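Some notes on the structure that comes next.
The values are calculated or read from the model by the stated rules, or taken from the named source; none is laboratory data. Since this is a predicted model, take the numbers as computed values, not measurements. Cβ sites come from the backbone with ideal geometry, for glycine too, and all protein chains shown count toward neighbours. Side chains are part of the model used for accessible areas, which takes the heavy atoms of the whole protein and leaves out ligands, DNA and RNA. Shrake-Rupley method; radii C 1.70, N 1.55, O 1.52, S 1.80 Å.
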Amino acid sequence: YLIQHSKSLESLKGAPKTIGGNFNCQNCCKLTSLEGGPEEVTYSYRVDESPALKSLNGGPKYVGTVFDCSECYSLESIEGAPEDALHFYCDLCPKLKSLKGAPKVVGRDFYCARCNSLKTLEGAPKEVGGGFYCDNCLKTFDIEDIKKYSNIKGTIMV
């Protein structure tokens, strides 16, 4: 399911509730939330590079592999994100201040790097099976900061 580089899409209302593959709404200039979008996506759910996206409310309950909301310059919260994902990307979101609403479990990699307003890791995933990347944020986090919130089995980049 592909709707990308749309300069006019303002809503996901009417999208299928289940996608047996990829859902790609990358670079949709007027999209502000995920309300009305799919609830289940077998493979990847991408809304990255959508400059007006402010909220993940209405986001999917289940994503099989990748959830990507990186480079969403208006994104203020990741509440509404799926509860688990194999990979989760919310990096380069300059208005994101916390990780409240992040998936509880990320099977492989979690990225929140280069979020210039990120002040706390509160809400970070409890379990990350791969790497945790939070370098170049407003606050410089250290490994102990991450370990307060998450059990990381792979690389930690601070």
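For the stretch 108-117, state whether one or more residues are open to solvent by 40 Å² or more (accessible area, probe 1.4 Å), modelled with pLDDT under 95 and not charged (D, E, K, R). Yes: the stretch 108-117 contains one or more residues that are open to solvent by 40 Å² or more (accessible area, probe 1.4 Å), modelled with pLDDT under 95 and not charged (D, E, K, R).
Within the stretch 77-93, identify whether any single residue is more than 23 Å from LYS126 (Cα to Cα) and assigned to a loop (DSSP other than H, G, I, E, B), and answer yes or no. Steps first, please.
Taking the stretch 77-93 first, the residues more than 23 Å from LYS126 (Cα to Cα) are none.
No, the conditions are met nowhere in the stretch 77-93.
Taking the stretch 23-47 as the range and being hydrophobic (A, V, I, L, M, F, W, C), modelled with pLDDT under 95 and touching a strand residue (DSSP E or B) at 6+ places or on another chain (Cβ under 9 Å) as the test, only CYS25 passes. Just so you know, in the stretch 6-22 the residues that are small (Gly, Ala, Ser) and closer than 24 Å to PRO51 by Cα include one that is modelled with the lowest pLDDT, and it is SER6. Among the residues of the stretch 2-34, those identified as in a loop (DSSP other than H, G, I, E, B) and exposed (fewer than 15 other Cβ atoms within 10 Å of the Cβ) are HIS5, LYS7, SER8, GLU10, LYS13, GLY14, PRO16, LYS17, GLY20, GLY21, LYS30.
Residues in the stretch 121-157 that are out of contact with any Pro (no Cβ under 6 Å at 6 or more places or on another chain), part of a loop (DSSP other than H, G, I, E, B) and open to solvent by less than 70 Å² (accessible area, probe 1.4 Å): LEU121, GLY123, ALA124, GLY129, GLY130, GLY131, CYS134, ASP135, CYS137, PHE141, GLY154. Within the stretch 35-47, the set of residues being open to solvent by 50 Å² or more (accessible area, probe 1.4 Å) and in a loop (DSSP other than H, G, I, E, B) comprises GLU35, GLU39, THR42, TYR43. When the stretch 48-68 is filtered for residues that are in contact with a strand residue (DSSP E or B) (Cβ under 7 Å, 6 or more places away or on another chain), open to solvent by less than 30 Å² (accessible area, probe 1.4 Å) and in a loop (DSSP other than H, G, I, E, B), the ones remaining, listed by number, are ASP48, PRO60, GLY64, THR65. ALA85 passes every criterion in (1) out of contact with any Leu (no Cβ under 7 Å at 6 or more places or on another chain); (2) farther than 17 Å from CYS137 by Cβ; (3) at pLDDT 95 or above; (4) crowded, with 19+ Cβ neighbours inside 10 Å apart from (3).
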